[in-house]
Each structure stands twice: as structure tokens, then as C-alpha cells.
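Values in this text are rule-based calculations from the coordinates and carry no lab data. The model shown is predicted, which means the values in this text are computed figures rather than measured ones. Because the Cβ atoms are built from the backbone with ideal geometry, glycine has one as well, and the counts that use them run over all protein chains shown.
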Amino acid sequence: MTTNQDTTTNQGTAAGHGTGAQAHVVAGKAVPRGAFPHVKVAGGFVFVSGTSSRRPDNTFAGVEVDELGTTNLDIRAQTRAVIDNIADLLRTVGADLSDLVQVTTYLVNMNDFGGYNQVWAEYFDATGPTRTTVAVHQLPHPHLLIEIQAVALLPSGGQS
């Protein structure tokens, strides 16, 4: 599959041990806030690092600040942006959302579960990936309400 996004690819060589895995930092996406890739392909699977609604310019989807400084955080907009970001990342290796097999979602507030679940249903039905949702004390930025980590099965013809 041909993509319009450039990626930086490295063979897995942590501590000098080659794994044959391919790590990808995807150009045009928010730069990871640490030494890790957006996606890693290994053993026929695509592992997607925890993904948020952060944009390449370090702003966040689902965040509005009015002229008085009042902040409004929208779980639906953030969830939609996160899932769309994951779809973009999967496309860079020849996969898509239908290839997801497992998802772990981290919510800062379980009161946001309903809004998150509504948006989830726009993308997936009961035949979608297995899913675990957990509450966490905080995420890397105070405007983040949600982060999703995912695993997909690499379709035949996808990049290894």
C-alpha cells in the first residue's frame, strides 16, 4: 500500500539486539514525547504507542479556551481525534482500523466513559477489537482526557 506520509523507520536494535522489528516515527504527526516510535511492526502485528489528540503544533483537538481563560475539554472531540490519529498511523504500514485486534483506553475521568463510548460506536461495532478501558490519575498534559494504545494484525501486503 502506498501512503502520502513519510516515516522514519529503524530496525529494532535496543541494547544492540536486533529483533527484526520495524519502528516508525510518522512525519506530519505529533512528535512522541520520549524515545519511542508511533508504531512498531513485529511478528505480523502492528503495535501503536499510546496516542492522544495532540496535533503536530502541540495543540489539542477537543480543547477550547475562551477570552477569559476558561477551558472547555470535549471527550467526544478528543476521542474522535485519537481514533483518527490511530487510523493515520496504521495506514503508514498498510493497515487500517478494521485490522485492530486489541485496544487499551486510558481515561482521566470515568465520567467521560459515556461520551467516549458514543464516539467509539461511530467507528466500531461488537465485532471490533477487544477493548479495556481504565481510569488513570493523569496523562502527560492537563488538557488530555484520553489516550489509546492499540494492537493490529498486519494484513498481507502490509509493511513488515
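Taking the number of other C-beta atoms within 10 Å as the exposure measure, put THR133, THR51 in order starting with the fewest.
Listed from fewest to most nearby Cβ atoms, that is THR133, THR51.
Can you compute the radius of gyration and Dmax for the stretch 21-124, using only the Cα atoms, both in Å?
14.7, 51
Towards the positive end of the charge dipole of the stretch 33-160, with charges on Cβ (+1 Lys, Arg; -1 Asp, Glu), say which of ALA135, GLY115, PRO37 has the farthest Cα.
PRO37
Report the extension gain between ASP84 and MET110 in nm, rounded to one decimal, defined as 0.36 nm multiplied by the number of residues separating them, less their alpha carbon distance.
So the chain would gain 7.2 nm between ASP84 and MET110.
Working from Cα positions, state the angle (0 to 90°, nearest 10) between the long axis of helix 113-123 and the longest principal axis of the chain.
Between the helix axis and the principal axis of the chain, the angle is about 50 degrees.
Only Cα pairs within less than 10 Å get springs; with that Gaussian network setup on the chain, which residue of VAL82, VAL46, VAL63 has the largest fluctuation?
VAL63
Helix-only estimate, please: 222 nm mean residue ellipticity of the chain, summing -39500 (n - 2.57) across DSSP H runs of length 4 or more and dividing by its residues, to the nearest 500.
The per-residue figure over the chain is -5500 deg cm²/dmol.
Normalised by the number of residues in the chain, what is the relative contact order in percent for Cα pairs under 8 Å and 6+ residues apart?
26
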